[in-house]
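Below you'll find the structure, written out as structure tokens, and then a few comments.
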Amino acid sequence: MNKKQTITTKRIDWDTLFMLHVRAYAMRSACVNYKVGAVFTKDNRVLTGGFNGPPRKEPNCCEVGCAKRDAGGKIMPAGSGLCRGAHAEMNSLANACIGGVGLSGVTVYCSFSPCWDCAKHLVNLGISRFVYEVEYTEEEGQRALDLLKRRGVELVHFTFDESVLLDFQNFNPVAKEKSK
């Protein structure tokens, strides 16, 4: 007798899907202080993505150390101008430009809320939404969020449902069974 096997799955929403993409991009970062990823989407399609890091073919912090640390090892504040890396949002934007991808009206997903400089560029780009997991708590972070709000950008402070992260760790039970 053939019994029809029923597989129940809980589908994740679009914001969760794209924030998982962000985490994957962040894992490419060579920054010793922050792992940041960003993904730009439109109509539930990924258009571009990136992570924080130095310009192409330049040494990264894992290779030569962090330029923002003083002689005592203390990290200099944001805006010190010492960081050799570009932010994930700007690297994503550069990747789109290289590929000739238009980004007006996109939703930006990012590990952190934007800094002041990134917020200015994103406003000029004409983004519609900004979804982030961690709020950038320094004063300039609040100024950046205020700017986005004034310009009509929808802001979403995203929190992962822990069950989704557990499901992700245990993903693909068939493959696990075959590997035993």
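The values are calculated or read from the model by the stated rules, or taken from the named source; none is laboratory data. All values derive from a computational prediction rather than experimental measurement. FYI the Cβ positions are ideal-geometry reconstructions off the backbone, even for glycines, and counts take in every protein chain you see. Ligands, DNA and RNA are excluded from the accessible area calculation, which covers all protein heavy atoms including side chains. Shrake-Rupley method; radii C 1.70, N 1.55, O 1.52, S 1.80 Å.
Keeping to the range 116-142, report how many residues are in contact with a Phe, Trp or Tyr (Cβ under 6 Å, 6 or more places away or on another chain) and at pLDDT below 95.
Adding up the residues that qualify gives 2.
If I filter the range 157-180 down to residues being at pLDDT below 75 and open to solvent by less than 80 Å² (accessible area, probe 1.4 Å), which single residue comes out as nearest to P114 (Cα to Cα)? Don't jump to the end; show me each part of the working.
Initial filter on the range 157-180 (at pLDDT below 75): 168-180.
Still in the running and open to solvent by less than 80 Å² (accessible area, probe 1.4 Å): 172, 175.
Values: N172: 34, A175: 38 Å.
It comes out as N172.
Out of G105, G100, I need the residue that is surrounded by fewer than 18 Cβ atoms within 10 Å (Cβ to Cβ), more than 19 Å from V32 (Cα to Cα) and touching a residue at least 40 places away in the same chain (Cβ under 8 Å). Which one? Working first, answer last.
On the way: G100 fails: touching a residue at least 40 places away in the same chain (Cβ under 8 Å).
Being surrounded by fewer than 18 Cβ atoms within 10 Å (Cβ to Cβ), more than 19 Å from V32 (Cα to Cα) and touching a residue at least 40 places away in the same chain (Cβ under 8 Å) holds for just one of G105, G100, which is G105.
Restricting the range 125-151 to residues that are closer than 22 Å to P77 by Cα and aliphatic (A, V, I, L, M), which is surrounded by the most Cβ atoms within 10 Å (Cβ to Cβ)? Quick ask: steps written out before the conclusion?
Let us first name the residues in the range 125-151 that are closer than 22 Å to P77 by Cα, namely 132-147.
With aliphatic (A, V, I, L, M) added as a condition, the list becomes 134, 144-145, 147.
Values: V134: 14, A144: 23, L145: 21, L147: 16.
Result: A144.
Anything in the range 31-48 that is surrounded by 18 or more Cβ atoms within 10 Å (Cβ to Cβ) and within 19 Å of L125 (Cβ to Cβ)? List them, or say none.
V36, G37, A38, V39, F40, T41, L47, T48
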